[in-house]
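*Asks:* First, the structure itself, so that you have it in front of you.
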Amino acid sequence: MNGEIKCGARIRKRRTAQGLGIEDLSARTGLDAAYLEALENGEVTTSLGPLLKVALALGTRLGTFIDDELGSDVCLSRACACSSPEQAQQAARGKRSSFSFYSLGAHKTDRHMEPFYIEIRPDEPGAEHPLSSHEGEEFIVVARGRLLVVLGQERHELGPGDSIYFNSIVPHYVGCAGQEQTDIHAVLYFPA
């Protein structure tokens, strides 16, 4: 839970610096105040969708909450760093698939894109595929496994080496296409 505690503390710090209460943040994000409080206390994990809503509501980039440190302007990520569980910047486990996010841009302080290596574990059989949407764009390349991407009424199944690039305002779902873990590289762009 250490990653969740750091993430929650960063959200609280940004929120209080702006003089906002939990109810204010709830109104700005559309997220339940009790959920936001639990998130700030490191009691729950979350996916990128809710974190993005919080980041936009607080006028900051998503990486502000999941970066471990800030460094030089050049960012180099070695393949071995993405396969090490202790390198995970944020693990999100919800009612649907479990995701582990590895930030590939944590040391670039003025970035406009959020690059990640993401490990996706399969949903429980028969689980629903809830759609989410947010401003921006996403570019995904499948590294391993089979990926299911639902965009509105369209369903796409991708394999290793396949990629997809879409406007994330379109309601979408990203998850495993089968019962095997899927690993992807994803770049998310959020307009300022």
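*Asks:* What pairs come out if I take residues in the stretch 26-44 that are under 13 Å from Arg12 (Cβ atoms) and pair them with residues that are assigned to a loop (DSSP other than H, G, I, E, B) whose C-beta lies under 7 Å away, six or more apart or interchain?
*Replies:* Cβ pairs passing all conditions: Ala38/Val44; Leu39/Thr46; Gly42/Met1.
*Asks:* Determine whether the stretch 137-155 contains at least one residue that is under 15 Å from the mean Cα position of the chain (by Cα) and among the basic types (Lys, Arg). Step through it out loud before you land on a result.
*Replies:* Initial filter on the stretch 137-155 (under 15 Å from the mean Cα position of the chain (by Cα)): 137-140.
Okay, now just the ones that are also among the basic types (Lys, Arg), so none.
No: zero hits.
*Asks:* Would you list the strands (runs of 3 or more DSSP E) that sit entirely within the stretch 76-186 and hold 3 or more residues that are closer than 27 Å to Thr29 by Cβ, open to solvent by less than 20 Å² (accessible area, probe 1.4 Å) and modelled with pLDDT of 85 or more?
*Replies:* By residue number, 113-120, 147-151, 172-176.
*Asks:* What's the number of the condition Leu70 fails, among (1) open to solvent by 60 Å² or more (accessible area, probe 1.4 Å); (2) farther than 30 Å from Glu124 by Cα; (3) modelled with pLDDT of 55 or more?
*Replies:* (3)
*Asks:* Which number in (1) touching an Asp or Glu at 6+ places or on another chain (Cβ under 9 Å); (2) under 10 Å from Tyr173 (Cβ atoms) marks the one condition that Arg146 misses?
*Replies:* (2)
The values are calculated or read from the model by the stated rules, or taken from the named source; none is laboratory data. Quick caveat: nothing in here was measured; it's all calculated off a predicted structure. Here Cβ is always computed from backbone atoms with ideal geometry, including for glycine, and neighbour counts include all displayed protein chains. These accessible areas exclude ligands, DNA and RNA; they are computed on the full protein's heavy atoms, side chains included. Shrake-Rupley method; radii C 1.70, N 1.55, O 1.52, S 1.80 Å.
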